[in-house]
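Quick note: the coordinates plus some simple rules give every number you see, no bench work behind them. Every value quoted in this text rests on a predicted model; they were computed, and no experiment measured them.
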Amino acid sequence: MMQRKPYPTDVSDEEWSLVAPYLTLLSEDAGQRRHTLREVFNALRWIVRAGAPWRMLPNDFPPWQAVHQQTLRWIAADCFEALVQDLREVLRVATGKKKYPSAAVMDSRTLRSSPESGHRAGYDGHKKKRGSKLHIAVDTLGNLLAAHVTANEQDRVQVGKLAAEVQEATGGKVKIAFADQGYTGDMPATQAAENGIELLVIKLAEAKRGFVLMPRRWVVERSCPRS
């Protein structure tokens, strides 16, 4: 049982009933287990939401070293990928969509670096901040298809890798990908085409001024992890 005050990032009973089967690599009574799996996951959620270095994990969680090591095991076992894949398919079917999407949206965001970012941190001259860049693709409902992190490499350079990951996640079903003007050029279009995807760049009318809502961009923005 939890012997601390709850954090807003703690997983609910309903959420835990969903994710626990994906995260249980060993039985709960395994001899080498010293911390409950749920508390380790709660600690990871706090780290992700707070954007803090591992060593700043509050002391009422399991030790940061244990949380970090378990997270690496989950990543190596593709636990999160399996969870995202199954959840996306369920949500699509529940809304009357096909199991696999035929269209995707590509975008990126820069995450501020911490002292632990190391070689993964670069400088985003456009946004004028130092950090890592998260390249992401979602379906038209905002469900995650693929994501990877770079040291602020240009969006257009990452299209090939992102398109390949999208097709792997969907069984090659995606035919069209929408993107903003950061993906303009022959190279990204060619990389997408090599993976069976037509890249459509959404451009703003030159006459428009001030705040303009870019079509479909909101889908990516709301899908970026916050907890």
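Miscellaneous remarks
- Three-way shape label, segment 13-77, alpha-carbon gyration tensor, a/c 1.5: prolate
- Taking N as its residue count, the alpha carbon Rg of segment 45-107 over 2.2 N^0.38 Å: 1.55
- Structure note, pairs Lys97/Lys203; Lys98/Lys203; Lys5/Lys133; Lys175/Lys203; Lys98/Lys175: Cα-Cα distances above 23 angstrom occur for Lys97/Lys203; Lys98/Lys203; Lys5/Lys133.
- Proximity of backbone amide H atoms, modeled 1.01 Å from N, is registered between Leu111 and Ser132, Lys133, Leu134 at under 5 Å, excluding neighbours fewer than 5 places apart on the same chain.
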